[in-house]
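The values are calculated or read from the model by the stated rules, or taken from the named source; none is laboratory data. Every value quoted in this text rests on a predicted model; they were computed, and no experiment measured them. Note that each Cβ is placed from the backbone with ideal geometry, even for glycine, and that neighbours are counted across all protein chains shown. Calculation scope for accessible area: heavy atoms of the full protein, side chains included, ligands and nucleic acids excluded. Shrake-Rupley method; radii C 1.70, N 1.55, O 1.52, S 1.80 Å.
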Amino acid sequence: MQGKITTALQPRFPNIRWSARKEKVAEIQAAVLSGSGSGLEQEIVQYVNNGLNYSIALNATSKRDFQTAEPTFRRFLSSFTMLEGGKSLSDSDRRAAQVARLKRLASLREQMGQLADALQLADEGLSIDPNDAGLKEIRQRLVSKR
């Protein structure tokens with residue numbers, strides 16, 4: 001992994017210090033690529049599962065901005081759900097995945113204090129599944145905060 005950094009990334013981004021490591025992220029084995037330097041703080045978490053490659057990145061222009069966003073990034077990683085490779089998804093599976101995604105995003109926006117955005121995401125999820133108890137709870141909480 002470190003060899004790819006030396007041959008591919010370092011020549012293209014000479015002012016960025018790159019590192020790569022394997023570690024468990026949110027209890028799942030991953031490859032983690034970090035870049036730090038003038039105008040860039042970056043962490044890319046890559047998972048491979050059942051033939052599917054997931055690459056999730058946090059990018060910021062300063063260490064301070066990176067550190068501010070990192071707790072939300074970690075919460076997102078801990079709630080991330082991988083699809084089963086090779087499985088044909090039904091419409092019901094796709095709707096359930098969309099609702100789960102919107103629920104995670106609404107919760108993250110709420111934690112970031114972006115209540116209007118969070119409410120919009122909750123409403124979008126409820127338009128797909130009006131009976132989702134988690135989204136109903138999020139919506140009720142958001143409305144009471146207004």
Result of the Cβ filter at 6 Å on the stretch 60-82, keeping first residues that are in contact (Cβ under 8 Å) with a residue 12 or more places away in the chain and partners that are surrounded by 15 or more Cβ atoms within 10 Å (Cβ to Cβ) and among the aromatic types (Phe, Trp, Tyr), at least 6 apart or interchain, is Ala60/Phe66
Answer yes or no: is there a residue in the stretch 89-97 that is touching a helix residue (DSSP H, G or I) at 6+ places or on another chain (Cβ under 6 Å) and within 27 Å of Ala69 (Cβ to Cβ).
no
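Being assigned to a helix (DSSP H, G or I), open to solvent by less than 70 Å² (accessible area, probe 1.4 Å) and closer than 17 Å to Phe76 by Cα is the filter here, so list the residues in the stretch 107-133 that pass it.
Once the filter is applied, which keeps residues that are assigned to a helix (DSSP H, G or I), open to solvent by less than 70 Å² (accessible area, probe 1.4 Å) and closer than 17 Å to Phe76 by Cα, the stretch 107-133 yields Ser107, Leu108, Glu110, Asp117, Ala118, Leu121, Ala122.
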All but one of (1) of a type in the set (Ser, Thr, Tyr); (2) within 15 Å of the chain's Cα centre (by Cα); (3) modelled with pLDDT of 90 or more hold for Tyr54; state the number of the condition that does not hold.
(3)
